[in-house]
Amino acid sequence: ISVLVLKGLVMITHSVSSVGARREALVSAANVLERFSREVRRARGVSLISATPASLVLDTGVEFFLSGTQMMLKETNTASAAPLTAPGVSITALQFILFQTPRSKSVQMQMTVAGEIYQTTMTLRGSY
């Protein structure tokens, strides 16, 4: 009976930690998407989009990029970049795509966090 109780406790502990990790990944992804959306809406243009490694530099001087598996944000007036994701959360894929029409510009960000794909597309406010 004690072996069964011990196995049950291990299973419960594993389930709780798994739920906590998924929640942390979800919160980190939401934070990244929210900050990306806010910064792109403020910008008038894109200074640089790079595929390898994936990075985005807006004309406001804000830069999004991966450092290892962490999403980083560097602002013009800061000496170093700050992480947007929690330390235990890994981004395994990141892509930025610029869409341009005669009237506007939009940037799409797609990232994979904990096996889930998150994406958003924002129009640069100054471009329309």
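General observations
- The strands (runs of 3 or more DSSP E) found entirely in segment 27-96 that carry 1 or more residues being among the aromatic types (Phe, Trp, Tyr) are 63-67.
- Residue ID - farthest from Leu98 (Cα to Cα), chosen from residues in segment 70-87 that are of a type in the set (Val, Ile, Thr) and loosely packed, with under 13 Cβ neighbours inside 10 Å: Thr78
- The number of residues in segment 97-120 being part of a loop (DSSP other than H, G, I, E, B), open to solvent by 60 Å² or more (accessible area, probe 1.4 Å) and farther than 18 Å from Leu26 by Cα comes to 3.
- Subset of segment 33-59 (residues that are surrounded by 17 or more Cβ atoms within 10 Å (Cβ to Cβ) and either within 21 Å of Ala114 (Cα to Cα) or not hydrophobic (A, V, I, L, M, F, W, C) (or both)): Leu33, Phe36, Glu39, Ala54, Ser55
The values are calculated or read from the model by the stated rules, or taken from the named source; none is laboratory data. Just so you know, these numbers come straight off a predicted model, no measurement behind them. Positions of Cβ are backbone-derived with ideal geometry, glycine not excepted, and every protein chain shown enters the neighbour counts. Just so you know, the surface numbers come from the protein's heavy atoms only, side chains and all, with ligands and any DNA or RNA stripped out. Shrake-Rupley method; radii C 1.70, N 1.55, O 1.52, S 1.80 Å.
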